[in-house]
Each structure stands twice: as C-alpha cells, then as structure tokens.
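> Pasting a structure below so you can have a look.
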Amino acid sequence: MELFVLWDIDHTLIENAGVSKEIYAAAFRALSGREPTEPARTEGRTDRLIMRDMFVREGLTVPDWHFIEAALTRAGEARLEELRRRGTALPGVHDALKAASAQTGWVSSVLTGNISANARVKLAAFGLDSLLDLPVGAYGADAELRPHLVAVARERAQRLHGVAADIPTVLVGDTPRDVEAALTTGSGVLAVASGIHTQEELTGAGAGAVEVLPDLSNTKRVLGILESFAGH
C-alpha cells in the first residue's frame, strides 16, 4: 500500500546541540553587521518566519528573502563539521529511516522548517541523507507556515513519482506545530517527545489519535504506527 512519510529533522531525527541557533545568529550578523540581542526563536517554525522575527525584534528592516537564504546557506555549510562533532542522530533513527525506505509503495522524505541546503547539511552530517527522498521534501523556503509545506511536498511527490493526489500522508515530528500541520491538512501524525515537548504536551496538541512515542528507538513500533496510516 502507498504511503507518504514526511519526517521533521531537528529534535526528531537529529540533536543539533545548539548549532541551529548559531546558524541563525551568523546569518543575522552577516546581514546586519551586528550580533542579535537574543537567540532565534525556533519551536518548529520555518526559516522564513524565524529570520523575519529576528529582524523585527531588533527593530531592523527585513532583507529580501534571497539575501537571507544565501546567508543561511553559507552559515550552515560553515558549520557542518561542528554539527558532526557536537550533534548526533537520535536513537533508532537510522533503523527507522532504513526500514521506511525499504517499504514497497512508500515515499519517505522530509518536511522541515530548514531551508533545503541546511536540511541536507544536517542530514549528511550523520549519514541520513541517503535514506530519504529529498527532492520531494518541503523546506523552510517553500512557505512561511508549516501546514502549507504539506501541499508542496504532495505536489512534488505527484510530479516526480506519479503518486496519487490523495496518497495517505503522515508527518513525524516533535512539536505541537508538527501536530497542527498534520491535523489541518488531513494527514496522519506520529509525534515523538524527543525534543523539548513532553508526551503530555503533544497529546494535548491533538496527537491523542495515535500513540505518542518517547523517541524512534523501537523500529517495529514506529513501522507499525506508520503502516496503520497506509490505505486510509
């Protein structure tokens, strides 16, 4: 049976150990010529919103997006080795991605607030990029709001792989915004409490329709939950 699985990256697949916020700070510094007065606020938002919020909070004019994306790309590329040194793939992630990629009829990719270039840096740092179909993913440059990324990914899957427009889709993520994106787009959701949000918070956000897992370490359980959405 067909299934489109879209994985979040930060705190779902990897622990970035603060490198993400350093990337945003470096991009801000490159564009503004000074340090931000406080760290970027992320929490599952897209890079478009994160960077715009930084400039607005600092009372500065928001640069055109292509300048922001270029600065983020340079900052991310410069921190690949630092990410590899300090960060890690989270428990069970390699096995879960490998198992999903082996399923007949499944397309397994990402739905992330990161721009494409930095998503690839983060995944490549821990050898995860080859386990995902990244061209059909949706990224932080594609839309401001996370729910809108689902339609982007579905269109790419249809165009690149010829999958049906109504292919069952499931989002895997660690924040209430992942849950919201799934519920508002008619997607399934597998929530994992591997970030800052507890299982109770994720359940309260609406993920109570499925089990909220502490992480992705139980490959059999992860695959079982994902399989339950195939054919819906």
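> Picking from Gly231, Gly186, Gly195, Gly208, which residue would you name as being at pLDDT below 95, open to solvent by 10 Å² or more (accessible area, probe 1.4 Å), out of contact with any helix residue (DSSP H, G or I) (no Cβ under 8 Å at 6 or more places or on another chain) and closer than 21 Å to Gly87 by Cα?
Details: Gly231 fails: closer than 21 Å to Gly87 by Cα; Gly186 fails: closer than 21 Å to Gly87 by Cα; Gly208 fails: closer than 21 Å to Gly87 by Cα.
It is Gly195.
> Go through the residues of the range 2-10 one by one and say whether even a single one is within 30 Å of Gly224 (Cα to Cα), out of contact with any Phe, Trp or Tyr (no Cβ under 8 Å at 6 or more places or on another chain) and part of a loop (DSSP other than H, G, I, E, B). It would help to see each step written out before you state the result.
Keep residues of the range 2-10 that are within 30 Å of Gly224 (Cα to Cα), which gives 2-10.
Applying the additional criterion that residues be out of contact with any Phe, Trp or Tyr (no Cβ under 8 Å at 6 or more places or on another chain) yields 6-10.
Those still in the list that are part of a loop (DSSP other than H, G, I, E, B) too: 8-9.
Yes, that holds for at least one residue.
> When residues of the range 18-42 are filtered for being in contact with a Ser or Thr (Cβ under 9 Å, 6 or more places away or on another chain) and either modelled with pLDDT under 95 or buried (at least 19 other Cβ atoms within 10 Å of the Cβ) (or both), how many remain? Lay out the reasoning, then the answer.
First, pick out the residues of the range 18-42 that are in contact with a Ser or Thr (Cβ under 9 Å, 6 or more places away or on another chain): 20-21, 24, 27, 40, 42.
Those left that are additionally either modelled with pLDDT under 95 or buried (at least 19 other Cβ atoms within 10 Å of the Cβ) (or both): 20, 24, 27, 40, 42.
Counting residues in the range 18-42 that are in contact with a Ser or Thr (Cβ under 9 Å, 6 or more places away or on another chain) and either modelled with pLDDT under 95 or buried (at least 19 other Cβ atoms within 10 Å of the Cβ) (or both) gives 5.
> If you don't mind, there's one more thing I want to ask. Give me a count of the residues in the range 165-221 that are assigned to a loop (DSSP other than H, G, I, E, B), over 17 Å from the mean Cα position of the chain (by Cα) and hydroxyl-bearing (Ser, Thr, Tyr).
We begin by selecting, within the range 165-221, every residue assigned to a loop (DSSP other than H, G, I, E, B); these are 165-168, 174-175, 185-187, 193-198, 205-206, 210-212, 214-218.
Applying the additional criterion that residues be over 17 Å from the mean Cα position of the chain (by Cα) yields 165-168, 186, 198, 205-206, 210-212, 214, 217-218.
Keeping just the survivors that are hydroxyl-bearing (Ser, Thr, Tyr) gives 198, 217.
Residues in the range 165-221 being assigned to a loop (DSSP other than H, G, I, E, B), over 17 Å from the mean Cα position of the chain (by Cα) and hydroxyl-bearing (Ser, Thr, Tyr): 2 in total.
> Just to verify a result, which residue in the range 136-163, among those that are closer than 15 Å to Val5 by Cβ and in a helix (DSSP H, G or I), is most open to solvent (accessible area, probe 1.4 Å)? So that I can check it myself, show each step before the final result.
Our first condition is that a residue be closer than 15 Å to Val5 by Cβ; within the range 136-163, this holds for 136-138, 149-150, 153-154, 156-157, 161, 163.
From what's left, in a helix (DSSP H, G or I): 136, 149-150, 153-154, 156-157, 161.
Values: Val136: 0, Leu149: 0, Val150: 0, Ala153: 0, Arg154: 49, Arg156: 50, Ala157: 1, His161: 94 Å².
Ranking the candidates gives His161 first.
> Condition (residue is touching an Asp or Glu at 6+ places or on another chain (Cβ under 6 Å), open to solvent by 10 Å² or more (accessible area, probe 1.4 Å) and of a type outside the set (Lys, Arg)) applied to the range 98-105: is it met by at least one residue? Walk me through how you get there before you give the answer.
Taking the range 98-105 first, the residues touching an Asp or Glu at 6+ places or on another chain (Cβ under 6 Å) are 105.
Filter once more, keeping what is open to solvent by 10 Å² or more (accessible area, probe 1.4 Å): 105.
With of a type outside the set (Lys, Arg) added as a condition, the list becomes 105.
Taking every residue of the range 98-105 in turn, at least one turns out to be touching an Asp or Glu at 6+ places or on another chain (Cβ under 6 Å), open to solvent by 10 Å² or more (accessible area, probe 1.4 Å) and of a type outside the set (Lys, Arg).
The values are calculated or read from the model by the stated rules, or taken from the named source; none is laboratory data. Just so it is clear, the structure is predicted and the values come from calculations on it, not from any experiment. Ideal geometry is used to build each Cβ from the backbone, glycine not excepted, and the neighbour counts take in all protein chains shown. Note: accessible area is taken over every heavy atom of the protein model, side chains too, but ligands, DNA and RNA are not part of it. Shrake-Rupley method; radii C 1.70, N 1.55, O 1.52, S 1.80 Å.
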